[in-house]
Amino acid sequence: EELIERSMAPIKKEFLCPPPSSGLVLEKKSKRQLKRERREKSAINLCPQIARTEDVNSCQYKEKCRFNHDIEAFKAQKPDDIEGQCPFCAYGLSCRFFGTHKEENSEINFFNKDTQRLLWKNKMTFIKADAKLKSLGLEVRPMKKAKDASLKLHLREKKKLIDFRDKLYLAPLTTVGNLPFRRLCKVLGADVTCGEMAMCTNLLQGQASEWALLRRHSSEDMFGVQICGSFPDTVSRAVELIDRECTVDFIDINMGCPIDMVVNKSAGSALLNKPTRMKNIVEVSSSIVETPITIKVRTAFFEGKNRIDSLISDIGNWGATAVTIHGRSRQQRYSKSADWDYIYRCTKNASSNLQVIGNGDVYSYLDWNKHKSDCPELSSCMIARGALIKPWIFTEIKEQRHWDITSGERLNILKDFVRFGLQHWGSDTKGVETTRHFLLEWLSYTFRYIPVGLLDVIPQQINWRPPSYFGRDDLETLMMSESAGDWVRISELLLGKVPEGFTFAPKHKSNAYDRAENG
């Protein structure tokens, strides 16, 4: 009880050990510096077209190509192949599983090059969004006029239906919530998935890297994308474009992101201070497409100044199908516990046509059951960090049990992620290292999981900090290490040796133990 009071995990005595000696300290380098070093160390980057065809005359750029065309030189310096079968290949000679290729592609929402060119040249038209903005007297920046503006603007009665009730909803997660991770969560029982947050301005500028966040796998049978923007014209145009170019079941508008870079652009949780703008964004976006519009919010911008309870009764009338409430303010970030009593109060005040989804600290099937029992009006619970730390939480909820998962079973889950990653990012050297990077980002969360069999009290709470301890076997001990060097060693079990001079530092510093930052 004393340990729990101090948010310390009650580990069984037989698994406690003295604090380990300091782990591997990795030098921090900028992304630009690391990219430059990788280029310098890679003697030859073979032209992708030549790699696929094995014909040096197949490249249309000839001597102007920025890649190398020397096949023999490439073979001489190519790293050893990785053991196993190629999960998917379009990389030919560059593939690290060369000789075991098979054709397969089950992803959709690829970015159309013609659309990209129109966006680059500022020639894309947004007939529905601009007409609705003008009808409401809202600012519309000059765009190329469309030939036909005779459109029905009120599509609310035609909206597609979507039901979140009792479905296990994997939150949109920046960086780690990539397509391979979402595929993994689908295998483990997630019902609803959502792409990583994409910035509306970047989408409208035709940035391919931003459009890649909207990619969908065929296994994602209930899938949405999340976008973030500051103004009604920007968001509504992005909504119209996504509805035109992609196959999605809903579009979620982020109004709760706490990141400074987003807030400083008057987007994310900054919108919580501008309810009229929130209304305009939702109203315009929901009226121009049949795809359901949902929003994600926090309780407030500043701690102690809750705002959503005063807006919740109107959000359904704005045209939103559902609202997800994260039970923390922007100022709290991820510190302290989520305020579920406030989520319940908002849920009970919501209009009957608005589905309310709660979010914050769901880490076991007991948490899920409690929230659904305490507030039957709640449609569902969104699971975020709980899924990052232990993605099998979806299995636990569906089977109503605490899964004392073994290190071998966890390794098999990592293997599935690697296989999905190679299918998505590619099986050449670049694809292998991209898969490794995102695996390491994910491992920077998974080490926080404490096996059920090691705890005196179950279930583990998401904010518990473990003392120094060891596992039931060497692999389990390795998986619970907080050393980035050990995460790299795990990646080498699955993807072979890292390149010479490889370093890694996790992108996301925020965790359950961070102190609140004023904002």
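Quick notes
- Among (1) of a type outside the set (F, W, Y); (2) open to solvent by 20 Å² or more (accessible area, probe 1.4 Å); (3) not in a loop (DSSP other than H, G, I, E, B), the one test that N463 misses: (3)
- Test result for F394, of a type in the set (A, V, I, L, M, F, W, C), in contact with a Cys (Cβ under 8 Å, 6 or more places away or on another chain), open to solvent by less than 10 Å² (accessible area, probe 1.4 Å) and part of a helix (DSSP H, G or I): yes
- Within the stretch 121-136, no residue satisfies the criterion of being modelled with pLDDT under 75 and not in a loop (DSSP other than H, G, I, E, B).
- From V248, V284, V262, residue being within 30 Å of W120 (Cβ to Cβ), assigned to a loop (DSSP other than H, G, I, E, B), open to solvent by less than 60 Å² (accessible area, probe 1.4 Å) and in contact with a helix residue (DSSP H, G or I) (Cβ under 8 Å, 6 or more places away or on another chain): V248
- Residues satisfying the stated conditions in the stretch 466-490, i.e. under 22 Å from G501 (Cβ atoms) and open to solvent by 60 Å² or more (accessible area, probe 1.4 Å): R489
- Checklist (1) closer than 22 Å to G386 by Cα; (2) assigned to a loop (DSSP other than H, G, I, E, B) applied to G304, failing item: (1)
- Looking only at the stretch 308-358, and only at residues there that are outside any loop (DSSP other than H, G, I, E, B) and either aromatic (F, W, Y) or not assigned by the TED database to the domain that holds G268 (or both), the one that is surrounded by the most Cβ atoms within 10 Å (Cβ to Cβ): W340
- Scanning the stretch 78-110 for residues that are under 23 Å from L213 (Cα atoms) and modelled with pLDDT of 75 or more turns up S106, E107, I108, N109, F110.
- Scanning the stretch 491-504 for residues that are free of Cβ contacts under 8 Å to residues at least 12 places away in the same chain and crowded, with 18+ Cβ neighbours inside 10 Å gives no hits.
- For the stretch 288-316, a residue qualifies if it is polar (S, T, N, Q) and either farther than 21 Å from G224 by Cα or modelled with pLDDT under 95 (or both), and the qualifying residues are T299, N306, S310, S313.
- Checking the stated criteria, T175 turns out not to satisfy the condition of being buried (at least 21 other Cβ atoms within 10 Å of the Cβ) and out of contact with any Pro (no Cβ under 6 Å at 6 or more places or on another chain).
- Within the set F417, F438, the sole residue that is outside the structural domain of G358 (by the TED database) and open to solvent by 30 Å² or more (accessible area, probe 1.4 Å) turns out to be F438.
- Per-region count, the stretch 432-460, residues part of a helix (DSSP H, G or I) and not polar (S, T, N, Q): 14
- Candidate set: the stretch 198-222, residues that are assigned to a helix (DSSP H, G or I) and open to solvent by less than 10 Å² (accessible area, probe 1.4 Å); chosen: the one nearest to S266 (Cα to Cα): C200
- Sole residue being under 20 Å from D163 (Cα atoms), under 15 Å from the mean Cα position of the chain (by Cα) and in the same structural domain as D166 (by the TED database), chosen from F223, F250: F223
- Enumeration of residues in the stretch 156-203 that are modelled with pLDDT of 95 or more and either of a type in the set (D, E) or touching a Cys at 6+ places or on another chain (Cβ under 6 Å) (or both): D163, D166, L170, P172, D191, E196, M197, M199
The values are calculated or read from the model by the stated rules, or taken from the named source; none is laboratory data. What you see is a predicted model, and the numbers here were worked out from it, not measured in a lab. So basically every Cβ, Gly included, is an ideal-geometry build from the backbone, and we count neighbours across all protein chains shown. Side chains included, ligands, DNA and RNA excluded: accessible areas come from the protein's heavy atoms. Shrake-Rupley method; radii C 1.70, N 1.55, O 1.52, S 1.80 Å.
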